[in-house]
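Scroll down for the structure; my scribbles are underneath it.
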Amino acid sequence: MKIKVLGSGCANCKRLEANVKKACEQLGINAKVEKVQDFGEIAAYGVISTPALVVDEEVKVYGRVPEVEEIKKILEER
Amino acid sequence: MLQEFADWLTYSIFGLARESQLGAAANFFIYDSIKVTLLLAIIVFFVGIVRTFITPEKVRKWLGGRSEGAGNVLAALLGVPTPFCSCSAVPLFIGFVEAGVPLGITFSFLIASPLINEVAATMLFAMFGWEIAALYIASGLVIAIAAGMVIGRLGLESEVEDFVYKIKAKKMAENKMGWKQRAGFGLSESKSITLKVLPYLLLGIAIGGLIHGYAPADFLASIAGKNNPLAVPIAVLVGIPLYSNAAGMVPIVGVLISKGMATGTALAFMMSVIGLSLPEMIILRKVLKPKLLAAFALVLFISFTLTGYLFNAVLG
């Protein structure tokens with residue numbers, strides 16, 4: 001599973017990254033969380049409100065920071 | 001009821017004397033902080049629900065291919081409730097340009113979004129009354145519309161970084177939300193924004209109270225009063241690179257006015273602080289070439305200055 005956090009490194013992006021890591025830990029998933037900070041790359045996903053969560057190249061959440069429980073649900077669907 | 005609570009806290013719990021200066025100041029501080037915080041929590045909740053309907057993704061769709069004028073008005077209006085932080089300005093800009101939103105209309109949105117925000121409007125309303133709050137919103141809209149139209153007419157499309165035009169964005173599924181989720185979003189916005197601005201708000205009110213008590217009332221009147229025509233452009237020039245939370249700005253504006261700064265000058269200063277900042281310009285440089293970035297800052301400088309003069313003339 002490939003997990004990406006899109007965002008330019010603002011407070012919300014860091015919160016999202018932390019929540020994703022917590023969700024992975026709690027589910028026992030050993031996935032690498034990649035940070036995408038390049039604006040061109042972010043825009044290529046069609047994302048215009050950051051932060052965004054991308055799982056296996058599919059945009060799952062954008063424009064807000066989901067709670068750990070919600071991220072767990074998203075990751076379990078995979 | 002709120003006043004009674006503040007009285008009870010100041011005089012019974014903290015045991016301050018009713019007639020003392022400290023007692024009166026503490027009472028005022030407690031009453032004001034609670035009033036503004038409650039009002040903020042409620043208004044941010046409702047704005048949060050509105051935000052679930054007016055997302056940047058939808059705004060982009062509504063603005064695509066709009067003509068000058070009507071498009072700028074719509075963009076400025078939609079910019080008011082739309083959330084904005086300087087870190088999402090660039091993806092937003094790219095997304096709008098990529099979807100065929102004209103440059104001038106994109107700028108109307110980019111200007112309105114940070115300039116007119118619910119936190120500043122609520123606090124102006126709580127501390128100065130509805131007239132000043134309405135004046136702030138109305139002038140913010142006029143600035144966003146006019147500045148966007150001017151930038152649109154400058155024909156600076158070639159001054160956008162080239163990579164922006166080359167991006168081919170993927171289509172993305174839209175978030176779907178029910179009423180329960182919308183209310184949940186409103187609650188979480190209310191909680192997180194209120195908590196985030198609370199320290200600034202308390203600090204602003206506290207600094208305001210201190211200066212209010214210790215600086216003479218006409219402290220600023222001679223240098224920033226109505227008789228110094230240069231005060232407005234200087235205040236705006238100082239404010240543009242500065243960045244501050246709107247919640248901390250409003251109490252400070254209150255102090256500036258009470259110490260003799262002309263109301264229009266103080267409001268123009270506040271708008272230039274929250275409307276544009278150096279960090280935002282640095283981040284926008286990634287998509288705007290220097291010429292367009294300079295035009296953007298210059299148009300805003302002129303707009304804020306004119307607004308300051310206008311307010312000073314109108315508010316008398």
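The values are calculated or read from the model by the stated rules, or taken from the named source; none is laboratory data. No experiment lies behind these values; they were computed from the predicted model shown. Counting neighbours? That spans all protein chains shown, and the Cβs are built from the backbone with ideal geometry, glycine included. Side chains included, ligands, DNA and RNA excluded: accessible areas come from the protein's heavy atoms. Shrake-Rupley method; radii C 1.70, N 1.55, O 1.52, S 1.80 Å.
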Inset, instruction - Select from the range B:76-113 the residues that are away from chain A (no Cβ under 14 Å) and not β-branched (V, I, T) and write down the one among them that is surrounded by the fewest Cβ atoms within 10 Å (Cβ to Cβ). - result: B:L77
Legend entry - Test for B:G129: is it open to solvent by less than 10 Å² (accessible area, probe 1.4 Å), more than 23 Å from B:L195 (Cα to Cα) and away from chain A (no Cβ under 14 Å): no
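Anything in the range A:1-11 that is at pLDDT 85 or above and either surrounded by fewer than 13 Cβ atoms within 10 Å (Cβ to Cβ) or assigned to a loop (DSSP other than H, G, I, E, B) (or both)? List them, or say none.
If we filter the range A:1-11 for residues that are at pLDDT 85 or above, which is where we start, we get A:2-7.
Correct list: A:K2, A:G7.
Tell me, please, whether a residue that is within 16 Å of B:S113 (Cα to Cα) and assigned by TED's automatic domain parsing to the domain that holds B:L187 can be found in the range B:18-36.
The first filter runs over the range B:18-36 and keeps only residues within 16 Å of B:S113 (Cα to Cα), leaving none.
No.
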Inset, instruction - Within the range B:148-164, work out how many residues are part of a helix (DSSP H, G or I), at pLDDT 90 or above and of a type in the set (A, V, I, L, M). - result: 3
Inset, instruction - Out of the residues in the range B:114-126 that are modelled with pLDDT of 90 or more and open to solvent by 10 Å² or more (accessible area, probe 1.4 Å), state the one that is farthest from B:L292 (Cα to Cα). - result: B:F125
Inset, instruction - Determine if the range B:276-283 includes at least one residue that is buried (at least 24 other Cβ atoms within 10 Å of the Cβ) and within 29 Å of B:V44 (Cα to Cα). - result: yes
Inset, instruction - Identify, from the list A:L6, A:L75, the residue that is under 11 Å from the mean Cα position of the chain (by Cα), of a type in the set (A, V, I, L, M) and within 11 Å of another protein chain (Cβ to nearest Cβ). - result: A:L6
Legend entry - Flag for B:S67 being surrounded by fewer than 24 Cβ atoms within 10 Å (Cβ to Cβ) and of a type in the set (G, A, S): yes
Inset, instruction - Collect the residues in the range A:9-36 that are away from every other protein chain (no Cβ under 14 Å), among the charged types (D, E, K, R) and without any contact (Cβ under 8 Å) to a residue 12 or more places away in the chain, keeping them in residue-number order. - result: A:E25
